[in-house]
Amino acid sequence: MDFELESYVAGILRDIRERGIEAVKEYSKKFDGYEGEFLVSEEEFEEAERLIPEKDKEIIKRTIERIRFYHEKQLENDKLYIKNASLYGIIYKPIRRIGIYVPGGKPLPSTLMMVGVPAKIAGVKEIAVTIPPKNGKVNPYVLYVAKLLGIKEVYKLGGIQAIGAMAYGIGMKKVDKIFGPGNKFVNEAKRQVFGVVGIDSLAGPSEIAVIADESANKEYVLYDLLSQLEHGKDSKAWLLTTSRELAEYCNRDGIEVVLCKSLEECAEKANEIAPEHLEIITENPMGLVDLIDNAGAIYLGEYTPVPAADYFLGVNHVLPTGGAAKFSGVLTVMDFMKRISLAYVSREEFLAERYLGIRLAEIEGLEMHKRSMEVRR
Ligand SMILES: NC(=O)c1ccc[n+]([C@@H]2O[C@H](COP(=O)([O-])OP(=O)(O)OC[C@H]3O[C@@H](n4cnc5c(N)ncnc54)[C@H](O)[C@@H]3O)[C@@H](O)[C@H]2O)c1
Ligand SMILES: N[C@H](CO)Cc1c[nH]c[nH+]1
Ligand SMILES: [Zn+2]
């Protein structure tokens, strides 16, 4: 836990809560050099669309199709059953209003695809998007993706101030849950507003761990490790290997190399790290899957590099980091839905079984609970 970061972010969030839009404006000016309207106008959407080459529009559409294909399979049906003429189960309802944070230090339109597509499949009605502006503008590809997904509410807001604005409803209608990854400031702000709103997961600075043996192609492994370090100075990369030669080849700045005696030891190291992404490039990658409990995503073999998953495989690239893969997982369609417990009990079953509740209410000393069940005829 980074206590300095915690109190730094808490101070800014408190200020935003207390001073509202004035504070949001000040932090936008300070951190993003932006002064002006936050909501993106219709003209800005149109200008963005004009800027994008037709070929790129096709790339984006095809990628969205692939992401949709993968995610449609995740939608769960209500689970209901009837017993003694009573109805029991779980029904699912989409969250009404969500906020999507799109990272903007290096703008990531692919992240809006990864969050927007499952949100739409789940049936979320209202979506607000925030992204830090660059030179006063939103990345045109992000606006084009928003347009394709039918999202009209995009705000030029980044960092802690974007999370505060979405959580407390400042300069926009409050959202019910915030989705999307970000740097350490964004991630910590999301962690701190949890409870005021929901959050998807702690999806902070990118990470990769690679388990590889002597059979792995050294160049492939090295580029995969470097790919995630490219996201920023807080990103992490680990190589867990049984090959001394590979260990030496990948011994570069930013890469933590662990030479292990066996692949089982590599797997156990991976479980301790709980990396966002775990690549397994060994002779028999499937053979290790059973040994892995903690990873946001597991990618097997030479042809499943993380960047392919980041962009075009269709799998989701919003994943837990910083060890959060020990208790949470990849973003799915069901993160955009709430479970609601449903019961419709028949008189016959109620009267036959209420003695259980009546006695338990006596054990707990809750008289009105007991009466509620007793008074019914
Ligand atoms: N885990 C995942 O699923 C996942 C997916 C995609 C990207 N990522 C990560 O998202 C991150 C994106 O980071 P980014 O920086 O490019 O964009 P970002 O939008 O997350 O952060 C940029 C914003 O941070 C704020 N900021 C910067 N310095 C600050 C300071 N000193 N104090 C307060 N606020 C400050 C500014 O408002 C700035 O606009 C990367 O670390 C990347 O690895 C993670
Ligand atoms: N690797 C990031 C997730 O950690 C996702 C991403 C987006 N663009 C490129 N990469
Ligand atoms: Zn990436």
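Out of the residues in the stretch 290-345 that are closer than 22 Å to residue 103 by Cβ and hydroxyl-bearing (Ser, Thr, Tyr), state the one that is nearest to ligand 3 (Cβ to nearest atom). For the stretch 290-345, the residue satisfying everything is 311. I want to confirm something. Restricting to the stretch 212-252 and keeping residues that are without any contact (Cβ under 8 Å) to a residue 12 or more places away in the chain and not in a helix (DSSP H, G or I), which single residue is farthest from ligand 1 (Cβ to nearest atom)? Step by step, filter the stretch 212-252, then rank; the result is 251. Within the stretch 11-23, the set of residues being in a helix (DSSP H, G or I), in contact (Cβ under 8 Å) with a residue 24 or more places away in the chain and either closer than 9 Å to residue 164 by Cα or open to solvent by less than 30 Å² (accessible area, probe 1.4 Å) (or both) comprises 12, 13, 16, 17, 23.
Kindly indicate whether residue 209 is part of a loop (DSSP other than H, G, I, E, B), open to solvent by less than 60 Å² (accessible area, probe 1.4 Å) and within 22 Å of residue 277 (Cβ to Cβ). So residue 209 does not fit the description; no.
Might you let me know whether the stretch 157-170 holds any residue that is open to solvent by 20 Å² or more (accessible area, probe 1.4 Å), under 20 Å from residue 15 (Cα atoms) and in contact with a strand residue (DSSP E or B) (Cβ under 8 Å, 6 or more places away or on another chain)? No - not one qualifying residue is present in the stretch 157-170. Of everything listed in (1) in contact with a strand residue (DSSP E or B) (Cβ under 6 Å, 6 or more places away or on another chain); (2) open to solvent by 20 Å² or more (accessible area, probe 1.4 Å); (3) within 16 Å of ligand 1 (Cβ to nearest atom), the single unmet condition for residue 342 is (3). Looking at the structure I just gave you, is residue 59 touching a Leu at 6+ places or on another chain (Cβ under 7 Å) and either among the hydrophobic types (A, V, I, L, M, F, W, C) or part of a helix (DSSP H, G or I) (or both)? Considered against the rule, which asks whether it is touching a Leu at 6+ places or on another chain (Cβ under 7 Å) and either among the hydrophobic types (A, V, I, L, M, F, W, C) or part of a helix (DSSP H, G or I) (or both), residue 59 comes out as no. Restricting the stretch 274-302 to residues that are touching a helix residue (DSSP H, G or I) at 6+ places or on another chain (Cβ under 7 Å), of a type outside the set (Asp, Glu) and away from ligand 1 (no atom under 16 Å from the Cβ), the residue that is most open to solvent (accessible area, probe 1.4 Å) is 291. Of all residues in the stretch 150-184, those satisfying the criterion of being of a type in the set (Phe, Trp, Tyr) and in a strand (DSSP E or B) are 155, 179.
The values are calculated or read from the model by the stated rules, or taken from the named source; none is laboratory data. Not measured: the values here are computed from a predicted model. Positions of Cβ are generated from backbone atoms using ideal geometry, with glycine treated the same way; all protein chains shown enter the neighbour counts. Surface accessibility is based on the protein's heavy atoms, side chains included, excluding ligands, DNA and RNA. Shrake-Rupley method; radii C 1.70, N 1.55, O 1.52, S 1.80 Å.
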